[in-house]
Amino acid sequence: MTSLDDVLRGRLAEIQEANLLRSLRVVNSPQQPHAIIRDRAVTNFSSNDYLGLANHPKLKQAAVQAIERFGVGSGASRLICGSLEPHHQLERTIAEFKATEGALVFSTGYATALGAITALISKEDIIVMDKLVHASIVDAARLSGARLRVFAHNDVHDLSGILKWCDRETKNGQILIVTESLFSMDGDCAPLAEIAALKEQHHAWLMVDEAHATGLFGRNRRGLVEQFGVSRAVDIQMGTLGKAIGSAGGFIAGSKWLIDYLVNRARSFIFSTAPPPAASAAAKAGFDIISSPEGEELLETLRTRIDQFSSSFQRPFGNRNSPIVPLIVGEETAALSLAEELLKKGFYVPAIRYPTVGRGKARLRFTFSAAHSESDLAELLAAMKVLKAEPSFVRESSAL
Ligand code: PMP
């Protein structure tokens with residue numbers, strides 16, 4: 001029999017051969033634009049900390065206070081004895097922020113998708129999802145045992161055709177449509193109004209992952225569901241706490257019935273130790289800032305930075321309000337060497353490769369933060385000019 005290590009050595013050699021090998025970079029500083037990555041001082045354009053809250057004094061203070069009062073570990077799952085006050089406070093805050101009857105917090109966004117979808121959907125049902133939804137949704141959909149159909153990215157005609165097929169196919173089963181609102185690797189947004197209309201027409205359920213939009217869009221910064229005015233049509237709103245909110249964890253917001261049901265049936269919630277109280281307390285502080293005048297100012301700064309970047313290129317690209325901008329290179333090696341060139345100039349922009357994006361769709365993914373300064377952007381733009389690096393045009397399906 002071949003030893004495990006021999007098999008793995010061979011598999012890793014294959015991954016390396018395809019230029020898809022990944023390794024961890026040690027970051028020796030807080031999450032902020034000026035970071036020490038692999039012992040090198042860089043300006044970081046790769047974080048999802050869009051509002052610069054991950055290292056904000058108020059979040060740190062909330063976490064420290066929670067540690068002083070509740071300790072570090074939660075000790076058990078929420079249903080055993082781990083349901084601490086910071087979790088409940090955070091859930092009340094999220095429900096109020098999203099204007100839903102309730103909310104439920106999970107340890108990560110990944111666990112949120114897994115728990116919610118597998119609790120709600122089973123093999124009699126059909127899940128219809130956008131081709132580019134996050135891996136957590138794909139994995140959850142597979143685990144649910146339901147029949148899966150994928151519609152072309154942001155293509156409502158394709159979705160409509162599939163839903164007609166679903167109507168013929170489902171007997172007693174449900175149809176669940178799942179999409180992201182702001183897509184994590186392309187920065188474009190889903191045509192939520194059209195999707196919501198199709199959902200009503202076909203009596204389907206609708207789940208929207210607002211991981212990258214919560215805190216950034218809509219009058220109350222609830223997300224694109226608010227901006228597109230489709231809150232009533234979205235049955236299951238998903239979010240993460242590790243991006244604009246500045247902490248860690250994930251959540252579902254929705255009706256009281258949805259939350260009560262997930263408490264009883266979402267396996268990644270039931271069979272997992274509750275999030276550390278510090279993470280939940282910090283996330284609550286993150287929502288408090290987002291809802292305050294300071295949050296408004298941070299968002300304004302982020303928008304100014306995005307505008308500074310996008311207005312420097314003649315060719316229009318993607319959504320001009322998105323903090324995520326891809327530069328699609330195609331070849332994995334070409335993406336890696338462009339990332340390396342930028343790194344030599346002191347800018348960390350990661351090369352995103354298969355399986356995070358499709359094969360041959362490797363890219364640099366720029367993300368912007370309210371914590372970036374005007375000169376951070378100016379220096380990046382100067383370096384990109386020297387390298388003749390321009391962001392890609394991403395088909396804009398819905399105006400932001
Ligand atoms: N959904 C999307 C769209 C994401 O980008 C991510 C994180 N990359 C997740 C879900 C998972 O969230 P978390 O990192 O909190 O597990």
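Just a few scattered comments:
- Averaged over residues, the count of other Cβ atoms within 10 Å places the peptides 362-374, 56-68 in the sequence 362-374, 56-68, highest first.
- The packing ranking of peptides 305-313, 245-253, 127-135, highest mean first, is 245-253, 127-135, 305-313, where packing means the average number of other beta carbon atoms within 10 angstrom of each residue.
- Among beta bridges from DSSP that stay inside the chain, the antiparallel ones total about 55%.
- Within the chain, helix-based [θ] at 222 nm, where runs of 4 or more DSSP H residues each add -39,500 (n - 2.57), nearest 500: -12500 deg cm²/dmol
- Once Rg and the Kirkwood radius are both taken over the C-alpha atoms of the stretch 1-125, their ratio Rg/Rh works out to 1.08.
- Computed over the chain, Cα set: Rg, Dmax in Å: 21.2, 64
- For the chain, a crude dipole built from +1 on the beta carbon of Lys and Arg and -1 on the beta carbon of Asp and Glu, taken about the Cα centre, is about 400 debye to the nearest 20.
- For trypsin sites (Lys or Arg not before Pro), the sites in the stretch 73-124 that DSSP calls loop and that have at most 15 other Cβ atoms within 10 Å are 123.
- Antiparallel DSSP beta bridges within the stretch 57-290, as percent of all bridges there, nearest 5: 40
- Separation of alpha-carbon centers, the stretch 1-58 and the stretch 206-243, rounded to whole Å: 28
- Of the solvent-accessible surface of the chain, computed with a 1.4 Å probe over protein heavy atoms with every protein chain present, carbon and sulfur atoms account for 52 percent.
- Over the stretch 57-290, accessible surface divided per residue gives 41 Å², non-protein components excluded, 1.4 Å probe.
- Given 171/256; 123/164; 131/344; 131/243; 60/345, the pairs whose alpha carbons are separated by over 29 Å: 131/344; 60/345
- 19 Å Cα-Cα reach of residue 284 towards aspartates and glutamates, excluding residues that sit fewer than 8 places from it in its own chain: 49, 68, 85, 91, 96, 101, 210, 294, 296, 297
- Summarising the label geometry, the points placed 7 Å from Cα in the beta-carbon direction at residue 387 and residue 294 lie 3.4 nm from one another.
- Beta bridges per DSSP, both residues in the stretch 168-319: antiparallel share near 40 percent.
- Burial ranking of peptide ranges 23-36, 289-302 (average Cβ count within 10 Å, highest at the top): 289-302, 23-36
The values are calculated or read from the model by the stated rules, or taken from the named source; none is laboratory data. Only a predicted model underlies this, so the values are computations on that prediction, with no experimental measurement involved. When we count neighbours, we look across all protein chains shown, and the Cβ atoms used for this are built from the backbone with ideal geometry, even at glycine. All accessible areas refer to the heavy atoms of the entire protein, side chains included, with ligands and DNA or RNA removed. Shrake-Rupley method; radii C 1.70, N 1.55, O 1.52, S 1.80 Å.
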